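A.B. asks: Before anything else, here's the structure in question.
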Amino acid sequence: MELPPVGLGTMGIDDPDAVAAALSLGYRHLDTARIYDNEAVVGGGLATWLAGDAGAAAGNRDRDDVTVATKLWIDDLAADAVGPAARESAARLGVDALDLLYVHRPRGDYDPEATLPAIDRLVDDGLVRNVGVSNFELPDLDRTIEVLGRPPAAHQTELHPLFFGPELLEHAREHGYPVVAYSPLAGGRVREIDAVVEVAEAHGTTPETVAIAWAAAKDPVVTIPKASSEAHLRANLAAADLELTGSEVAAIDAVEREAELFPE
Ligand SMILES: NC(=O)c1ccc[n+]([C@@H]2O[C@H](COP(=O)([O-])OP(=O)(O)OC[C@H]3O[C@@H](n4cnc5c(N)ncnc54)[C@H](OP(=O)(O)O)[C@@H]3O)[C@@H](O)[C@H]2O)c1
């Protein structure tokens with residue numbers, strides 16, 4: 001899948017206007033999940049933006065330019081639950097097709113031999129355009145490739161200076177699928193990291209911009225920072241344009257790892 005370097009994480013966003021504002025600023029990848037309980041908010045923002053007044057930008061508003069991604073929670077993963085759950089998500093989002101449907105975690109009712117073919121049937125039906133996985137480890141990723149007969153369309157995993165798995169990036173490079181970095185701002189904690197702050201000061205920018213640029217510089221990573229204010233939305237979208245030197249990237253790579261923010 002082709003995904004832009006910066007998309008919008010929406011966990012905690014409860015105002016459709018924030019989503020519409022992000023689309024107006026140029027975001028083209030929206031990330032939600034059933035468990036965030038805001039698919040209708042995201043769909044509302046998308047609808048507002050699509051219906052925007054007939055201004056100069058109207059010609060640029062095309063539903064098919066936006067990647068709408070959502071996730072099946074762990075109690076949606078039995079073979080007979082996948083279809084109804086995906087249809088409900090699409091209805092809440094107000095879309096005919098889900099551009100990217102993830103297995104949120106390989107837990108609960110997840111059974112690769114049952115869950116993945118059930119999602120793949122939704123691709124045949126046209127309800128789902130791409131099958132993604134999230135929070136997978138290497139054996140889960142290998143099993144996915146065996147069962148689907150192809151790599152996942154994307155792997156969404158936690159990635160920020162305090163936590164990432166280089167082996168997951170290597171797997172994605174080897175098999176040719178993008179990694180979607182979630183919580184790229186460490187949930188708002190990147191300004192506590194000295195190495196990130198130092199690089200930000202050298203560039204006259206913010207630690208958040210540096211964290212996004214650092215993640216986006218990793219092949220094959222795209223990011224989905226969550227932001228609600230227009231200032232944050234703008235700054236994050238522009239962050240991928242910041243070029244870090246090899247030694248700056250290495251200094252942030254060397255930051256001591258912490259426990260992941262979103263364990264089981
Ligand atoms: N697959 C999974 O299991 C999983 C798990 C967690 C998250 N995710 C996805 O990843 C997305 C992002 O992760 P996240 O929500 O945990 O956190 P995040 O993107 O790492 O950080 C978001 C926090 O940073 C603040 N922020 C954003 N831009 C900023 C800027 N330019 N300057 C200063 N502060 C800024 C936000 O504040 P404001 O809101 O005030 O702007 C918010 O408090 C989620 O929304 C979700 O879509 C997926």
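A.B. asks: Would you please give the residues with an amide H less than 5 Å from that of VAL6, counting only those at least 5 places away or on a separate chain, with H modeled from the backbone geometry?
C.D. replies: Amide H neighbours of VAL6: THR223.
A.B. asks: Sum up the charges of everything whose Cβ sits under 12 Å from the Cβ of LEU242, counting Lys and Arg as +1 and Asp and Glu as -1, but leave LEU242 out.
C.D. replies: -4
A.B. asks: Using DSSP to define loop residues, name the trypsin sites (Lys or Arg not before Pro) in the stretch 220-259 whose beta-carbon has at most 15 other beta-carbon atoms within 10 Å.
C.D. replies: Those satisfying the criteria are ARG257.
A.B. asks: Return the calculated 222 nm mean residue ellipticity for the chain, to the nearest 500 deg cm²/dmol, obtained by summing -39500 (n - 2.57) across DSSP H runs with n ≥ 4 and dividing by the residue count.
C.D. replies: -12500 deg cm²/dmol
A.B. asks: Name the shape class, rounded, prolate or oblate, that the alpha-carbon gyration tensor gives for the stretch 179-264, where a ≥ b ≥ c are the square roots of its eigenvalues, rounded holds for a/c under 1.5, and otherwise prolate holds if a/b is larger than b/c and oblate otherwise.
C.D. replies: Here the stretch 179-264 falls in the rounded category.
A.B. asks: Taking only C-alpha pairs under 8 Å that are 6+ residues apart, what is the relative contact order of the chain in percent?
C.D. replies: This gives 19 percent for the chain.
A.B. asks: Largest first, what is the accessible-area ranking of TRP73, TRP214 with a 1.4 Å probe?
C.D. replies: I get TRP73, TRP214, largest accessible area first.
A.B. asks: Given the options LEU162, LEU237, LEU50, which has the most mean-square fluctuation in a GNM of the chain, springs set between C-alpha atoms less than 10 angstrom apart?
C.D. replies: With Cα springs under 10 Å in the chain, the top fluctuation among LEU162, LEU237, LEU50 is at LEU50.
A.B. asks: Hey, could you grab the Kirkwood Rh for the chain? Inverse mean 1/r over distinct alpha carbon pairs, Å, one decimal.
C.D. replies: Hydrodynamic radius (Kirkwood, Cα pairs) of the chain is 18.7 Å.
A.B. asks: Where does the charge balance sit around THR205 when Lys and Arg score +1, Asp and Glu -1, over other residues with C-beta under 15 Å from its C-beta?
C.D. replies: Residues close to THR205 contribute a combined charge of -4.
The values are calculated or read from the model by the stated rules, or taken from the named source; none is laboratory data. Quick caveat, the model's predicted, so the values are computed rather than measured. Cβ atoms come from the backbone with ideal geometry, glycine included; neighbour counts cover every protein chain shown. The protein model used for the area step is the full one, side chains on, heavy atoms only, and it has no ligands, DNA or RNA in it. Shrake-Rupley method; radii C 1.70, N 1.55, O 1.52, S 1.80 Å.
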